[in-house]
Amino acid sequence: MKVVVMGDSDTVVGFKLAGVHEVYEFDYSELSIERARNKLRELVEREDVGIILITERLAEKIGELPEVNLPIILQIPDKFGSIYGEELLKEIVRRAIGVEIKR
């Protein structure tokens, strides 16, 4: 199963350098957001995609994300940090994997 990343140029370049096979870069223009919506729909339908990482800001612009079991869609912070705050991210991780993140 593939991991796919959708987000701004800095985020996708970082993941590409880390070895992620598929990355899709989008800015926040209306045309780019519509392209991102279409790409997300396409990725959700593919059987070879297991995880879609999407930046929180892009997800917010796209609007409602599909609710599917697979692939797993995870929102990640971009270079500016989380728009939801660190505490919410810690809670999401705690619920997802049962481990609390402490500094």
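For segment 16-59, filtered to residues that are loosely packed, with under 14 Cβ neighbours inside 10 Å and among the acidic types (Asp, Glu), the residue that is farthest from VAL3 (Cα to Cα) is GLU30.
Of everything in segment 4-53 that is aromatic (Phe, Trp, Tyr) and touching a strand residue (DSSP E or B) at 6+ places or on another chain (Cβ under 6 Å), the residue that is nearest to PRO77 (Cα to Cα) is PHE15. Counting only helices (runs of 4 or more DSSP H) that sit wholly inside segment 6-103, those with at least 1 residues that are among the aliphatic types (A, V, I, L, M) and at pLDDT 90 or above are 9-17, 30-45, 56-62.
The values are calculated or read from the model by the stated rules, or taken from the named source; none is laboratory data. All values derive from a computational prediction rather than experimental measurement. With ideal geometry, Cβ positions are generated from the backbone for all residues, glycine too; neighbour counts draw on all protein chains shown.
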